[in-house]
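Structure first, commentary second.
The values are calculated or read from the model by the stated rules, or taken from the named source; none is laboratory data. A quick note: this is a predicted structure, and the numbers were derived from the prediction, not measured. All Cβ positions, glycine included, derive from the backbone under ideal geometry; neighbour counts span all protein chains shown. Side chains included, ligands, DNA and RNA excluded: accessible areas come from the protein's heavy atoms. Shrake-Rupley method; radii C 1.70, N 1.55, O 1.52, S 1.80 Å.
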Amino acid sequence: MANSDFKPFVPADSNLKELSVKALLLGVLMAVVLGAANAYLGMKAGLTVAATFPAAVVAMAALRIFKGNILEENIARTTASVGEALVAGAIFTIPAFVISGVWEELRYWESTLIMLIGGLLGVLFITILRRSMVEETDLPFPESVAAAEIVKAGQGGQTGAGAVFASMGIAGLWELFKNSNGIHLIADSTEKYFQLFKSKITMLTTDIAYGGGFLIGTPAASPALAGVGFIVGMRVASVLFSGAVMGWLVMVPLGIFLNPSLSTLAAESSWLEVANEVWYKQIRPFAVGTMIVAAFYTLYNLKDSLFAGITKAIKDLKAKKDDSKEVSRLEVDLDFKKVGLAIIGLAIPLFFLYNYFAQSIIGALLLTVVMIILGFLFSAVAGYLVGLVGSSNNPISGLTLSSLLISAILLVIIGVTGDHGVMAVLAVAGVVCTTAGIAGDMTQDLKVGHILGGTPWRMEIGEIIGVIAAALLLVFPMIAMDKVYHIGSAELPAPQAGLMALMSKGIVGGEMAWPLVIAGMFFAIGLILVKSPSPMLIAVGMYLPFASTAAIFVGGIIRWLLDVTLKRSKKSEDICIKAENKGVLISSGLIAGEALMAVILAFLYLGQEMYEIEYLLAGEKISMLKHFAVNILGVSNPSAIAGFFVFLGLAYLLIVVPLKSATKQSKN
């Protein structure tokens, strides 16, 4: 796209309406909806999915009703994808305040300010870097090109919105009957502990009796997690699941076997509870140690790309000069002088925010300078990496961890420690993470707009509006999910936030399970030495509940079956691409449908508590819908067997339906 022969889909001299009220309203609505869905998915599975594709499809379908054009669709999609990007940065860091114990629950204003300042800085930084990142580069931008092709194809009448909305409805209905706060008829998963015979080993002439066993679980009956597995593919899903195998089927049994005293705890409770406790208290810190080394190893592998991105950013800043000649609308950004003043202006509330957390003027000033520098550099890096591998593979957790470590060490040097130091460090990580998340997503969006013929400054305005709306509204579903599902629990583990919490408490707060963390670091080094694929994914697999990673793996298997079927049937390349795109759209709908229903049920439960409507089951509060399932329908023990049927349905939706649809489209 860097050559002079490039021609956008909509010509530069076009006067089509672009930054319209209907496009912005639709974009903001989708930003909140898709952002809430990704907040749940990210905290549950440790992964988020780029909103560019479903947003593009929904924008085409919705604006067609109101006679919108392709440039309005582009603005709506650009504004919408902000929600997913902003919340991706937020869920990797803000829940760490709760997990670390410095907050008892999520706080609205503090969280909102972190998201708002970080998001706006991300938009402003990429506005400065847009030309070098989007126009004057030969980066492939795989997801941008794919999204642009979907939009172009949609101008012929085939939007694909039906597949997205239908799969959303199916997944939402399933979640209603699976969620513990819904009409709970279906168990998400089940697990059983299989105890083995005792063994005796002589240690220094003393016989010691060892016991042990294996905790075996089923995949979560989750269309959303299977959809994630389908989108990321068999390779990524397999690597992630290998971490679950190592964590749950190797390390948990080892932890039990090598701790004979645990039999006393098992006698007081059960081996099932003991096994889960071993995973939660011992294997997860081990996995965090692995993540730390893996994050820096990931950055090391990308060192050439990182330096190239930073170099481009610096060169582009030096090259920015006023141009007196008339320029095409396709090359007009927001005024750079105003952008620079806005960045300086945002540094002021950022300083006060850091001072509020750190209770140190010197510390706040230092952190503000560090954040502006790192934010700009990491925005360049995130944008460059998105151009290489796509937004879904943007390693913002590694970039965030780097900023956290730098900030933590600086605070310790100047004597800011304890809870205030932990909060200040997490605030820096939160702003950097949201900045990098928005920067990567915006670069991808601007590239789509560049291909389609969108006006840069109008897209940048759309991004700013989307950030403001998403920052003000998306904390509410996060608070609701924390109150109902509890951040840090097996139901909502938030793995990246757990990593940030452990690092901040360990360095600034002086609390860390160092033996386990260091052992995890050496484990990561071992993985690197044998050239293991993605040590970070393996670490995340160890950190997540077995049921979650197993469900993602099932989704990867379904994608592999579709690929094998397409290969063996010797379909044309056109049919193969259409079938894969249809599968991705259905998966996006499954993710959004299940996640949104989980958020809705959380709000319903909070509303029930607000009006002091109380239902009890075995002494514990339950939702009104669960009360209906237990007392009206007579189902007190949800069926785990019923959960297996979802995988048969998913196989049909993600293999048979895409094949039939692609074949039918090709005939037409």
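Of everything listed in (1) closer than 30 Å to Ile128 by Cβ; (2) part of a loop (DSSP other than H, G, I, E, B), the single unmet condition for His450 is (2). Within the range 523-575, if we keep just the residues that are charged (D, E, K, R) and without any contact (Cβ under 8 Å) to a residue 40 or more places away in the chain, the residue that is farthest from Leu659 (Cα to Cα) turns out to be Lys531. Looking at Leu41, Leu26, just one residue is at pLDDT below 85 and part of a helix (DSSP H, G or I), and that residue is Leu41.
Please tell me if Glu612 is open to solvent by 60 Å² or more (accessible area, probe 1.4 Å) and either of a type outside the set (S, T, N, Q) or within 18 Å of the chain's Cα centre (by Cα) (or both). Here the answer is yes, as Glu612 does meet what is asked. Applying the selection to the range 490-515, what residues are small (Gly, Ala, Ser), open to solvent by 10 Å² or more (accessible area, probe 1.4 Å) and under 23 Å from Ala598 (Cβ atoms)? Selection gives Ala490 alone. The residues on offer are Leu616, Leu633, Leu625, Leu648, and the sole one that is under 30 Å from Leu561 (Cα atoms) and of a type outside the set (S, T, N, Q) is Leu648. Within the range 314-342, residues that are closer than 25 Å to Pro11 by Cβ sit with their Cβ atoms under 6 Å from residues that are among the β-branched types (Val, Ile, Thr) and modelled with pLDDT of 60 or more, at 6+ positions apart or across chains, in these pairs: Arg329/Thr455; Asp333/Thr127; Leu334/Thr127.
Rundown of residues vs (1) over 20 Å from Gln359 (Cα atoms); (2) open to solvent by 10 Å² or more (accessible area, probe 1.4 Å); (3) within 21 Å of the chain's Cα centre (by Cα), yes/no style:
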| site | (1), (2), (3) |
| --- | --- |
| Met423 | no, yes, no |
| Asp445 | yes, no, yes |
| Thr455 | yes, no, no |
| Ile464 | yes, yes, yes |
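For Ile91, the test of being under 20 Å from the mean Cα position of the chain (by Cα) and either at pLDDT 90 or above or aromatic (Phe, Trp, Tyr) (or both) is failed.
Per-residue answers, yes or no, for (1) among the basic types (Lys, Arg); (2) open to solvent by less than 20 Å² (accessible area, probe 1.4 Å); (3) in a loop (DSSP other than H, G, I, E, B); (4) farther than 27 Å from Ser504 by Cβ:
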position: Ala80; (1), (2), (3), (4): no, yes, no, yes
position: Gly83; (1), (2), (3), (4): no, yes, no, no
position: Thr93; (1), (2), (3), (4): no, yes, yes, no
position: Ala96; (1), (2), (3), (4): no, yes, no, no
position: Leu106; (1), (2), (3), (4): no, yes, yes, no
position: Ile114; (1), (2), (3), (4): no, yes, no, no
position: Ile117; (1), (2), (3), (4): no, yes, no, no
position: Ile126; (1), (2), (3), (4): no, yes, no, yes
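Screening the range 353-371 for residues that are farther than 19 Å from Gly418 by Cα and at pLDDT 90 or above and picking the one that is surrounded by the fewest Cβ atoms within 10 Å (Cβ to Cβ) gives Val369. Of the residues making up the range 178-232, those that are of a type in the set (Val, Ile, Thr) and in contact (Cβ under 8 Å) with a residue 24 or more places away in the chain are Ile183, Ile186, Thr190, Ile208, Ile216, Thr218, Val228, Ile231, Val232.
A residue that is part of a helix (DSSP H, G or I), touching a strand residue (DSSP E or B) at 6+ places or on another chain (Cβ under 8 Å), open to solvent by 80 Å² or more (accessible area, probe 1.4 Å) and not small (Gly, Ala, Ser) occurs nowhere in the range 562-573. Set side by side, the residues Ile438, Ile518, Ile487, Ile413 differ, and just one is open to solvent by 30 Å² or more (accessible area, probe 1.4 Å) and either touching a residue at least 60 places away in the same chain (Cβ under 8 Å) or basic (Lys, Arg) (or both), which is Ile518. Within the range 245-274, restricting attention to residues that are in contact (Cβ under 8 Å) with a residue 60 or more places away in the chain and closer than 21 Å to Val517 by Cβ, the residue that is surrounded by the fewest Cβ atoms within 10 Å (Cβ to Cβ) is Met251. On the basis of being more than 24 Å from Gly229 (Cα to Cα), of a type in the set (Gly, Ala, Ser) and crowded, with 23+ Cβ neighbours inside 10 Å, does Ser623 make the cut? Yes; evaluated as a whole, the condition is true for this residue.
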